[in-house]
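*Asks:* I have a structure here, written as structure tokens, and I will follow up with some questions on it.
The values are calculated or read from the model by the stated rules, or taken from the named source; none is laboratory data. Here the structure is a predicted model, which means the values were calculated and not measured. Cβ sites come from the backbone with ideal geometry, for glycine too, and all protein chains shown count toward neighbours.
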Amino acid sequence: MKSIRLKTNIPGPQSVALSKREAAAVPRGVAQLTSIYVQRTEGACIEDVDGNTFLDLAGGIGCLNVGHRDARVTEALHAQVDRFLHTCFMVTPYESYVSLAEKLNRLAPGASPKKTILLNTGAEAVENAVKIARAYTRRPAVICFEDGFHGRTQLALSLTSKTHPYKAGFEPFVSDIYRVPYAYCYRCSYNLTYPSCGVHCATRLEDTFKRVVAAESVAAIIAEPVLGEGGFINPPPEWLGIIRDICDRHGIVLIADEVQTGFGRTGSFFACEHYGVEPDLILSAKSLGGGLPIAAVTGKAHLMDYTAPGALGGTFGGNPLSCEAALAAIASIEENQLNERAILLGDQFRRRAKEWQKQTAIVGDVRGIGAMQALEIVKAGNSRQPDAEATKQITRYCYENGVILVTAGTYSNVIRLLMPLVITNEQMDEALDVIESALSCVQGTLPVKIATPAAIA
């Protein structure tokens with residue numbers, strides 16, 4: 001039985017009515033990719049207020065690796081609600097915070113002893129990691145990467161690369177931030193080709209220390225092991241290891257931003273495991289909470305203990321509901337073998353996507369690791385020229401035909417997959433059929449199809 005069931009035009013009348021209310025009540029800066037208002041969810045499916053059911057390949061932008069309303073998560077939440085909601089861990093602590101910290105310390109890659117602070121959002125984790133690195137090294141500068149995304153608070157936004165819509169108009173930004181090219185092989189900043197390039201984008205950091213900022217002034221290098229918002233760009237396998245070696249040579253703290261890559265998305269708990277690298281600090285959020293807001297900085301114990309008592313914290317950091325949800329989500333990942341499932345889902349997608357790349361001139365690149373997969377959409381003619389408009393048409397076609405997608409990339413021309421890892425093979429094929437149809441319609445002379453009740457019937 002098909003999971004996609006559409007009863008109205010998309011968006012339906014109740015969603016349209018809610019959109020009008022939203023326009024009057026919510027600032028336009030809080031924009032949506034769709035006008036689908038949610039009524040209930042289950043697994044990999046979303047039902048809207050008009051009774052239409054969609055397959056969700058967005059996962060709340062990567063927050064639902066264990067699926068919507070995972071049974072373990074919801075059970076843990078109901079039990080915690082009956083005990084207490086909030087006390088502030090810094091005033092009257094509770095066991096679930098400690099248990100989650102212990103779990104994250106065990107899961108973090110590498111043999112070094114670890115400690116963890118719990119926070120609310122990925123951006124908050126970024127800010128605290130930089131604080132810890134600066135305090136430990138007594139240095140001011142931070143190096144980040146082009147096309148990287150680290151959040152929307154002011155320091156995190158300073159580290160974020162993309163200007164529109166994120167940064168424009170919010171200047172001035174935090175000082176002592178320096179940006180260098182990422183390992184974006186499809187669009188190499190140095191016009192080189194891997195592997196003959198010798199991973200120049202990584203080794204060139206030594207030149208950066210001579211021309212841009214002195215190594216002895218750099219507190220931290222922050223990197224996503226796989227770029228998220230920047231376009232699901234997975235670097236060559238040796239890239240992160242070279243960055244690690246450079247950090248070691250110069251006493252620089254390596255921060256791995258695993259907010260989007262963590263908790264099964266790439267086929268392991270953390271993407272840096274694929275590269276055999278132990279970061280000094282590793283950042284978690286999104287799918288850590290199984291749908292609830294929580295974040296963490298997990299790091300080598302001697303770094304984490306360097307700050308004075310009271311220097312780290314926050315009123316709601318490690319909220320007891322979110323801690324219980326996170327413990328349950330991790331248990332579900334382990335018991336349901338979702339790391340292994342991510343690899344299979346990635347293979348299922350790539351088999352279809354590689355055929356699309358051969359048959360469809362607008363699919364410029366297929367890339368990813370595990371279930372963190374993407375299509376880069378370009379103008380026909382093998383020019384590699386980004387095509388943001390075609391990307392927008394594809395995603396519109398998909399949600400109007402029952403599949404919710406999100407885009408990415410500095411040029412807004414990447415379609416990324418963030419489906420819950422509990423999606424079935426049949427549901428995945430159903431969603432891929434819709435994407436394939438969208439690609440055919442957008443590349444061809446046919447107009448983009450819009451689903452109607454008659455067409456569905």
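*Asks:* Which ones in region 265-286 are closer than 28 Å to Leu85 by Cβ and touching a helix residue (DSSP H, G or I) at 6+ places or on another chain (Cβ under 6 Å)?
*Replies:* Leu283, Ala285, Lys286
*Asks:* Please give the number of the condition Thr116 fails out of (1) within 23 Å of the chain's Cα centre (by Cα); (2) closer than 16 Å to Ile252 by Cα.
*Replies:* Unmet for Thr116, out of (1) within 23 Å of the chain's Cα centre (by Cα); (2) closer than 16 Å to Ile252 by Cα: (2).
*Asks:* Looking only at region 177-235, which residues are acidic (Asp, Glu) and surrounded by 14 or more Cβ atoms within 10 Å (Cβ to Cβ)?
*Replies:* Result: Glu224, Glu229.
*Asks:* Determine which member of the set Ala108, Ala58, Ala129, Ala123 is in contact with a Gly (Cβ under 7 Å, 6 or more places away or on another chain), of a type in the set (Gly, Ala, Ser) and closer than 30 Å to Phe149 by Cα.
*Replies:* Every option except Ala123 fails the conditions.
*Asks:* Only one of these is hydroxyl-bearing (Ser, Thr, Tyr) and over 25 Å from Thr407 (Cβ atoms): Ser217, Ser284. Name it.
*Replies:* Sole residue among the options that is hydroxyl-bearing (Ser, Thr, Tyr) and over 25 Å from Thr407 (Cβ atoms): Ser217.
*Asks:* So Asn65 passes all but one of these: (1) polar (S, T, N, Q); (2) surrounded by 16 or more Cβ atoms within 10 Å (Cβ to Cβ); (3) assigned by TED's automatic domain parsing to the domain that holds Val259. Which condition number does it fail?
*Replies:* Only one criterion is unmet by Asn65, namely (3).
*Asks:* Right, here's the next one. Out of the residues in region 253-269 meeting the condition of being in a loop (DSSP other than H, G, I, E, B) and over 12 Å from the mean Cα position of the chain (by Cα), tell me which one is nearest to Val422 (Cα to Cα).
*Replies:* Taking the candidates together, the pick is Gly267.
*Asks:* Let me ask another. Being in a helix (DSSP H, G or I), at pLDDT 95 or above and in the same structural domain as Thr307 (by TED's automatic domain parsing): is that true of Arg152 here?
*Replies:* No: the conditions fail for Arg152.
*Asks:* Which of the residues belonging to region 113-160 are among the acidic types (Asp, Glu) and either free of Cβ contacts under 8 Å to residues at least 12 places away in the same chain or closer than 27 Å to Glu102 by Cβ (or both)?
*Replies:* Correct list: Glu124, Glu127.
*Asks:* Looking at Ala123, Ala79, Ala141, Ala44, can you tell me which residue is in the same structural domain as Ala256 (by TED's automatic domain parsing), more than 20 Å from Pro293 (Cβ to Cβ) and either in contact with a helix residue (DSSP H, G or I) (Cβ under 9 Å, 6 or more places away or on another chain) or modelled with pLDDT under 95 (or both)?
*Replies:* Being in the same structural domain as Ala256 (by TED's automatic domain parsing), more than 20 Å from Pro293 (Cβ to Cβ) and either in contact with a helix residue (DSSP H, G or I) (Cβ under 9 Å, 6 or more places away or on another chain) or modelled with pLDDT under 95 (or both) holds for just one of Ala123, Ala79, Ala141, Ala44, which is Ala141.
*Asks:* While we're on this one: Output yes when any residue across region 70-77 is touching a Lys or Arg at 6+ places or on another chain (Cβ under 8 Å) and among the aliphatic types (A, V, I, L, M), and no when none is.
*Replies:* no
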